[in-house]
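Just below is one structure, and these are the notes that go with it.
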Amino acid sequence: MMRAWILPLLLAACGTIAATRLIADGNLGAGAALLTAFGLLAAVNSPLVFPKSISTLEAERRSAVDGRPVVYWRPGCAYCLRLRIRLGLRARRVHWVDIWRDPAGAAAVRAVNGGDETVPTVVVDGRPHTNPDPAWLREQLSATP
């Protein structure tokens, strides 16, 4: 759980330290801008950007019922973030599994990626796809009920 927050906390801390130094030197505008930029970076890299993660077993069960894809991801992954942002509101139609929170999810990803925890790994109709094009996944979501 804590590992998912390391990068956002480091970004927030670095931004706060740098902004404090700028503000102390009398550069209020630059300090505020820097703090805002680091705050946004921390927020975007936090688990809060993604829909609530569920366990691998629950995701597989739900996917079998509704036919929706399962996305295995981890916080701090730029490719996962790209996929999440490009899906937009459609991201709520996907079952998200955080491999850092779910050891079974990490094992499932390693099983289909030659022992590597390469994310995002998307499972559609039982077939895994490593780092798929977001446009392709949007098409898959359009085809599901």
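Any read-out appearing in this document is the output of simple, stated calculations on the displayed coordinates, not a laboratory observation. Note that the coordinates shown come from a computational prediction; the quantities given were computed from them, not determined experimentally. Cβ placement follows ideal geometry from the backbone for every residue including glycine, while neighbour counts extend to all protein chains displayed.
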Sequence of 94, 123, 65 once ranked by neighbouring C-beta atoms within 10 Å, starting from the fewest: 65, 123, 94
Candidates 31, 76, 114: whichever shows maximal mean-square fluctuation once the chain is modelled as a Gaussian network with Cα springs under 10 Å: 114
Helix-only mean residue ellipticity at 222 nm for the chain, each DSSP H run of n ≥ 4 adding -39500 (n - 2.57), per residue, nearest 500: -17000 deg cm²/dmol
Nearest 10 degrees, 0 to 90: helix 28-44 Cα axis against the chain principal axis: 20
Residue of 121, 20, 56 that the Gaussian network model of the chain assigns the largest fluctuation, springs spanning Cα pairs under 10 Å: 20
Mean Cα-pair separation over length for the stretch 50-143, i.e. relative contact order, pairs under 8 Å, 6 or more apart, %: 33
Antiparallel bridge percentage (DSSP; both residues within the chain; nearest 5): 65
Distant alpha-carbon pairs in the stretch 50-143 (separation over 16 angstrom), percent: 46
Residue order, fewest to most beta carbons within 10 Å, for 129, 95: 129, 95
Listed residues 13, 43, 24, most fluctuating in the chain (Gaussian network, C-alpha, under 10 Å): 24
Two-decimal Rg/Rh across the stretch 1-119, once Rg and the Kirkwood Rh are taken from alpha-carbon atoms: 1.12
Cβ-defined net charge surrounding residue 65, 14 Å radius [Lys, Arg +1; Asp, Glu -1]: 0
Tail fraction, Cα-Cα pairs, the stretch 2-48, threshold 16 Å, whole percent: 36
Cα lying deepest toward the dipole's positive end in the chain, options 44, 111, 79, charges on Cβ: 44
The stretch 8-69 and the stretch 79-111: distance between their alpha carbon centers, rounded to Å: 16
